[in-house]
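The values are calculated or read from the model by the stated rules, or taken from the named source; none is laboratory data. Keep in mind the model is a prediction, meaning the values are calculated, not measured. So basically every Cβ, Gly included, is an ideal-geometry build from the backbone, and we count neighbours across all protein chains shown. These accessible areas exclude ligands, DNA and RNA; they are computed on the full protein's heavy atoms, side chains included. Shrake-Rupley method; radii C 1.70, N 1.55, O 1.52, S 1.80 Å.
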Amino acid sequence: MNKKENDTPTGNPLYGLPLNSKEIAKWIIGVVTACILIYLAIRHIDIVAVGITWIVNILSPILLGIILALVLNVPMQPIENHLRLKKEKARRPLAIILSLLLILGIFVGVAFLVIPEITNTVRLTAQIVMSGIDQAASLEQTLDFSSFPFGEYLEQIDIDWIQLKNNLEKWTLSQKDVLLKQAAGAVTSIAGAFINFFVGIVFSIYTLANKEKLKTQTLRFIHAWLPQQFGASLIHVVSICNQSFRNFIAGQATEAVILGTLCTIGMLILRLPYAPMIGALVGVTALIPVVGAFIGTIIGAFLILTVSPFKALVFVTFLMILQQFEGNVIYPKVVGSKINLPAMWVLAAVTIGGNLAGPFGMLLGVPAASAAYELLKEATIKRELKMDESQKNNGEKI
């Protein structure tokens, strides 16, 4: 038998010809074990869900720290590259601090701008409602309904406006008590969330400070403990996910700044109130793909509504036009070209991510879908090439 005959695929499990009975036994045992595990997981899906939730709750500070490290790494790299210090060792810590201050400062600043205004708007709305009830009660006493169409039917409508006002006041006070009780009961949860967030920030700082060392250790672990082909595939998948996340964060942040700036300029031109604050709010909420700008629109319209209903209508119309321009011109150029994901799958990723993990799911769903889309495209191209090569070889044999 010559060398060419030895190079045939005989003995390769991929061609359906295992090397020997031992390989066959291993393959059968593996398939049977996998089927049993899948069956047990489906049969006891509630227990599996509880176990997954328990593990996620335990690892939540670390997972949060990893997410924060990925987010902070986006502005940290250019900051670190542009810093020129006499002590090179001080560049990384200073870049981490500046990145953390930049991101936290944006969200805290917008919160300080928006939350007091929303509180005042809710208070003013309650006063307007109460005043409207008083005016309706006085109109009912003085107005002659007989001069109106269907006036005889309107006169038969008997509304006790004073009782309605009292009921609203009692309901408001009862809701205030309920909110106070819920707030008192939520102190422990808030404290736990704050501790998790603090631990996550500390973990992200350590991760960013030693990212090169962690990368080297991870690669050594993969090469030492995992099969070569599986390890190479895992490294490739992680690389694609990291690149998709970086591109998404960079593109989404750029798009949010552009949208917030255009919103502020447009509101100033139209002489609408709260222009800087609402522009900042729209920019921050635009970090959430697809639905973020609508959240900013609703909150902004609610704030302007207490000043002038007509201006609130003008604001909603203006922002709808701006969102159409942003969705068809800005987003495809700034974000779409970076994540390489069709709009239909962006919407699907936001919907599924939001149902699974709320705002964080909306934020992370798009880069995850982008990475999955890229990996699936690569796998499809490789499979098509193999099929073409197999068909070509079969044609040559025939």
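On alpha carbon coordinates alone, what is the Rg over Rh value for region 179-334, Rh being the Kirkwood radius? Could you put the intermediate results ahead of the total?
Details: Rg = 22.2 Å, Rh = 19.3 Å.
Dividing the radius of gyration by the Kirkwood radius yields 1.15.
Given K89/K338; K333/K386; K89/K215; K338/K377, which pairs have Cα atoms separated by over 23 Å? Please report the intermediate quantities before stating the final value.
On the way: K89/K338 33 Å; K333/K386 34 Å; K89/K215 19 Å; K338/K377 16 Å.
Among K89/K338; K333/K386; K89/K215; K338/K377, the Cα-Cα distance tops 23 Å for K89/K338; K333/K386.
Provide the packing ranking of 44-52, 241-249, 274-282, i.e. peptides ordered by the mean count of other C-beta atoms within 10 Å per residue, highest first.
Numbers: 44-52: 10.7, 241-249: 19.2, 274-282: 21.6.
Taking the mean over residues of other Cβ atoms within 10 Å, the ranking is 274-282, 241-249, 44-52.
Dipole of region 56-133 (Lys/Arg Cβ +1, Asp/Glu Cβ -1, origin at the Cα centre): which of G65, G132, A111 lies farthest to the positive side?
G65
With bins 5 Å wide starting at 0, give me the P(r) of region 282-398 over every alpha carbon pair, in whole percents.
Taking all Cα pairs of region 282-398, the binned fractions are 2, 10, 15, 16, 13, 10, 9, 6, 5, 4, 3, 2, 2, 1, 1, 0, 0 percent.
According to a simple spin-label model (label point 7 Å from Cα along Cα-to-Cβ), what is the distance in nm between S233 and Q127?
With each label point 7 Å from Cα toward Cβ, the separation is 6.6 nm.
In whole Å, what three semi-axes, largest first, describe the equivalent ellipsoid of region 19-134 built from its Cα gyration tensor (square root of 5 times each eigenvalue)? Walk me through the intermediate numbers first.
Values: eigenvalues 508, 244, 20 Å².
Listed largest to smallest, the semi-axes of region 19-134 are 50, 35, 10 Å.
Which number comes out as Rg/Rh for region 41-99 once both Rg and the Kirkwood Rh are worked out on C-alpha atoms?
Numbers: Rg = 19.3 Å, Rh = 14.2 Å.
Answer for region 41-99: 1.36.
With only Lys, Arg, Asp and Glu charged, each at its Cβ (+1 for the first two, -1 for the last two), find how big the charge dipole of region 338-398 is about the Cα centre; round to the nearest 20 debye.
Here region 338-398 has a charge dipole of around 20 debye.
Have a look at region 230-289 and give its Rg and Dmax from the Cα atoms, expressed in angstrom.
Radius of gyration, then largest Cα-Cα span, for region 230-289: 17.6, 60 Å.
Would you mind pulling out the separation of the Cα centroids of region 320-398 and region 76-129, in Å?
The two parts, judged by their Cα centres, are 31 Å apart.
Run through every distinct alpha carbon pair of region 288-354 and return the Kirkwood hydrodynamic radius in angstroms, one decimal place.
Values: mean 1/r = 0.0757 Å⁻¹.
Hydrodynamic radius (Kirkwood, Cα only) of region 288-354 equals 13.2 Å.
Suppose all protein chains stay in the model; what accessible area per residue would a 1.4 Å probe give for region 256-356, in Å²? Write out the running numbers ahead of the final one.
Details: 5080 Å² over 101 residues.
Per residue, region 256-356 has 50 Å² of solvent-accessible surface.
Considering only protein heavy atoms and a 1.4 Å probe, what is the carbon-and-sulfur percentage of the accessible area of region 50-127?
Carbon with sulfur: 76 percent of the solvent-accessible area.
At what distance in nm do the modelled label points of V329 and N167 sit from each other, each positioned 7 Å from its Cα along Cα→Cβ?
With each label placed 7 Å out from Cα toward Cβ, I get 5.1 nm.
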